[in-house]
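The values are calculated or read from the model by the stated rules, or taken from the named source; none is laboratory data. Remember, predicted model here, so these are calculated numbers, not experimental data. Note that each Cβ is placed from the backbone with ideal geometry, even for glycine, and that neighbours are counted across all protein chains shown.
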Amino acid sequence: MLFVVSEFNWESDKEMQDILDFDIPFYDVDSMRVVWHGNYVKYMENGRCSFMAKRGLPYDQMEESGYLFPVINIQVKYIRPCRFGQKVRLITELYPNDNILVFKYTLLDPSTGQKLMKGETRQMAVDKDTGEASFVLPSSMLRKLKGEA
């Protein structure tokens, strides 16, 4: 078993959250005008990209650092259907971890507060050139996530 001692004090972090408001587009719905289940994964990806970009870590820069970050686990819980034209809010939160990126998502209707979907993704750093998994996140990334770089 691998144990990693963190060089970072995650307890003192600022809130690790991003909010994305959008309308459900027509091309995301099926013939019943309900969002096709696979599109919720796309919404989570949009939330993750927004979260990381706002912290100076867009995917192209992450790749330039020599690492790729594939999703290694994904979970989605569908609570209520989203419909064409509905205004929704996606809350993306990063949960502190030195080994992997753990994002949790809540999609809700901002006018009612009703939860529509909950999800979680986990991503691991992989060396871009060798394809080898890294069991710790790059320290440069951790510093940026903590607002130190």
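Observations on the structure shown:
- Residues satisfying the stated conditions in the stretch 83-114, i.e. without any contact (Cβ under 8 Å) to a residue 60 or more places away in the chain, closer than 20 Å to Trp36 by Cβ and in a strand (DSSP E or B): Arg83, Thr106, Leu108
- Filter result for the condition that a residue is surrounded by 15 or more Cβ atoms within 10 Å (Cβ to Cβ), at pLDDT 95 or above and touching a strand residue (DSSP E or B) at 6+ places or on another chain (Cβ under 8 Å), over Gln86, Gln114: Gln86
- The stretch 42-57, residues that are in contact (Cβ under 8 Å) with a residue 60 or more places away in the chain and either surrounded by 16 or more Cβ atoms within 10 Å (Cβ to Cβ) or hydrophobic (A, V, I, L, M, F, W, C) (or both): Tyr43, Met44, Arg48, Arg55, Leu57
- The condition of being surrounded by 13 or more Cβ atoms within 10 Å (Cβ to Cβ) and either assigned to a loop (DSSP other than H, G, I, E, B) or of a type in the set (Asp, Glu) (or both) holds for only one of Arg80, Arg122, that being Arg80.
- Count of the stretch 33-54 residues, restricted to those that are within 14 Å of the chain's Cα centre (by Cα) and aliphatic (A, V, I, L, M), is 4.
- For the stretch 58-77, the tally of residues that are within 19 Å of Lys42 (Cα to Cα), surrounded by 12 or more Cβ atoms within 10 Å (Cβ to Cβ) and modelled with pLDDT under 90 stands at 1.
- Breaking point among (1) in contact with a strand residue (DSSP E or B) (Cβ under 6 Å, 6 or more places away or on another chain); (2) surrounded by fewer than 14 Cβ atoms within 10 Å (Cβ to Cβ); (3) charged (D, E, K, R); (4) modelled with pLDDT under 95, for Arg33: (2)
- Test: Asn46 is at pLDDT 90 or above and touching a helix residue (DSSP H, G or I) at 6+ places or on another chain (Cβ under 8 Å): no
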